[in-house]
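Structure, as structure tokens:
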Amino acid sequence: MTNRNISFIVKDQNPLMLRPTDTVEVACQRMCERRVGAVLVTDAHAHLKGIFTGRDAVQVLARHGDAARVHLSEVMTAKPDTIAPERTAIEALRMMCDGGYRHLPVVTDGKVVGIVSRSDFKGLELDQFEDEVSLWERIC
């Protein structure tokens, strides 16, 4: 299936969500347990406040050293780009490529409904996206 709607990709998801007051240590533990590369930082009503990724964790450890003392609110990417569930896989791939990130929160009315990462996309979607990028490179 090519160019699925994002809603199809996240329909059975239970994304990892933590609060801004949780520590980087807790986030890293949960990411490891769930085998995911990102945490969505939300309030008590699942409104997105930020995102924290494995890349962020490396920077925290290099700069601060003690992950147990650093809160997610201090190091998360606040107000990250998001995508609506009715958008398509190709649109998500474009956003991730243009923005230089690998995880994209899926949000409706400010509330988290899921998250997509590059590994969520299938071969034909990736092929179509790479063909599009190649065409733009030849034109420009």
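Observations
- Among [x] 15.2, 58; [y] 15.9, 50; [z] 15.5, 45, the entry derived from the coordinates for Rg and Dmax of the Cα atoms in Å: [y]
- Going by neighbour counts of Cβ atoms within 10 Å, the residues T42, T88 line up, fewest first, as T88, T42.
- Couplings for the range 72-88, taken from phi via the Karplus curve 6.51 cos²θ - 1.76 cosθ + 1.60 with θ = phi - 60°, read 4, 4, 7, 10, 6, 7, 6, 6, x, 4, 9, 9, 7, x, 7, 6, 9 Hz in order; Gly and Pro are left as x.
- 15 Å beta-carbon shell around G37, net charge (K/R +1, D/E -1): +3
- Förster radius 30 Å - calculated FRET efficiency between A46 and C97, Cβ distance, rounded to 0.05: 0.65
- Charges were assigned to the Cβ only: +1 to each Lys and Arg, -1 to each Asp and Glu. The resulting dipole of the chain about its Cα centre is roughly 320 debye.
- Taking A67, A44, A27 in turn, the Gaussian network model of the chain (Cα-Cα springs below 10 Å) assigns the largest fluctuation to A44.
- Footprinting exposure proxy for L48, L16 (fewest neighbouring C-beta atoms within 10 Å first): L16, L48
- The range 38-109: GluC sites (Glu not before Pro) in DSSP coil with no more than 14 other Cβ atoms inside 10 Å: E86
- The helix-based estimate of mean residue ellipticity at 222 nm for the chain, built from -39,500 (n - 2.57) per DSSP H run of four or more residues and divided by its residue count, is -12000 deg cm²/dmol to the nearest 500.
The numbers here are math on the coordinates, done by the rules we state, and not lab data. Bear in mind that the values here come from a model prediction, so they are computed numbers and not experimental data. Every residue, glycine among them, receives a Cβ derived from its backbone with ideal geometry; neighbour counts consider all protein chains shown.
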